[in-house]
Amino acid sequence: MDKCHEAGITHLVLDIKDNTGEVLYPSKYAAQKKNWKNFDRPDFDFINTFIKAAHAHGMVIFAGMNIFADGQNIVKRGAVFDKHKKWQAINYVPRKGLLPVTEIEGKPTMFLNPALKEVQKYEIDIIKEVVRNYAFDGIMLDRARYDCIDSDFSPESRKMFEKFIGKKIDRFPEDILEWRPNAEGGIDRVGGPYYHQWLTWRASVIYNFIKDVRTSIKKVNPDCMLAAYTGGMVSYLLRSRSKLGKPEV
C-alpha cells in the first residue's frame, strides 16, 4: 500500500470474491477461501488490514466482486459443482447443442444463470453483507453479465423470455439463434426471428439486476459507490451494431 501511494495511485480494487465464488472473509452465504494451491492463509483480518492501510494514505478502495461466476473449472472449485449446480447456466455450444457449463470441456469459469431470481438474491445478499460489515468506499462488480452470446438457454430462461415477448417459441433455441457450418469448414452464428428480442431481454435482465444492486447498496450505506468492470467487447459489439443500422441493446 505504501508503494501504491508512492506511485501516485489514488483508487484501488481489492478482489474479495473471485471466479470460484468463494470470498475472503467469513460469510453467511458464500464459502470462505482459506487455502489455495497448498497454501493456507494465516488467520488475520485480511480485508480490514487493506482498508485501514488505504485510508491511512487517503486512497479510495473498492471491493472487487465476481458476481455471476461461481466456479473455477481448472481446479474444480466452487459451489456450481455441488450446492448451486441447479443454478448453472445452460449454453448453446456450436456442434454440441445445449450443455450445462460444468460439462463444457476446457471452459475455465463457470457461470450461473443471471435471470434466476434466487441467483440474483444470493449475489445481492453477499454484496449487502460486504457493505454492511466493511468500510469500503465502493463496490466494483466483475462478471455481472451473461457468460457469452450462447448463454443461457435453460428451460427457465425460455419460459421467462416467452413471457417477455408474449408468445410461445416453436423452435428453441433455433428461433433465437443457430450455429450453421460454412463452406470454409467453420461455423457461423445465424440469428433467428427472435434474436434481437432475445438480446433485448438479456440486457433487461442485467439492467434490472444492476438497478437492484444499487438500490440495495444505498439502503445500507448511501455513500457507498457502485462501479463495474466492462470488457472492450461490449463497446465493440455496440459500435458494430450501430454501423449496421441495427438498434443497440
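The values are calculated or read from the model by the stated rules, or taken from the named source; none is laboratory data. Because the structure is predicted, anything quoted here is derived from the model rather than measured. Reconstructed Cβ throughout: ideal geometry from the backbone, glycine too, with neighbour counts over all protein chains shown. Side chains are part of the model used for accessible areas, which takes the heavy atoms of the whole protein and leaves out ligands, DNA and RNA. Shrake-Rupley method; radii C 1.70, N 1.55, O 1.52, S 1.80 Å.
The table for this structure:
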{"read-out": "Pair list, Cβ under 7 Å, 6 or more apart: region 196-216 residue under 17 Å from Glu123 (Cα atoms) and part of a helix (DSSP H, G or I), other residue charged (D, E, K, R) and open to solvent by less than 70 Å² (accessible area, probe 1.4 Å)", "value": "Ser216/Lys128"}
{"read-out": "Candidates Lys159, Lys107, Lys163, Lys121, filtered to the one that is under 20 Å from the mean Cα position of the chain (by Cα) and assigned to a helix (DSSP H, G or I)", "value": "Lys121"}
{"read-out": "Matching entry among Glu105, Glu118, Glu6 (being touching a Phe, Trp or Tyr at 6+ places or on another chain (Cβ under 8 Å), open to solvent by 30 Å² or more (accessible area, probe 1.4 Å), free of Cβ contacts under 8 Å to residues at least 40 places away in the same chain and of a type in the set (Asp, Glu))", "value": "Glu118"}
{"read-out": "Selection status of Ala144, touching a helix residue (DSSP H, G or I) at 6+ places or on another chain (Cβ under 7 Å), more than 18 Å from Met65 (Cβ to Cβ), hydrophobic (A, V, I, L, M, F, W, C) and crowded, with 17+ Cβ neighbours inside 10 Å", "value": "no"}
{"read-out": "Subset of region 209-249 that is acidic (Asp, Glu) and at pLDDT 50 or above - its residue that is surrounded by the fewest Cβ atoms within 10 Å (Cβ to Cβ)", "value": "Asp223"}
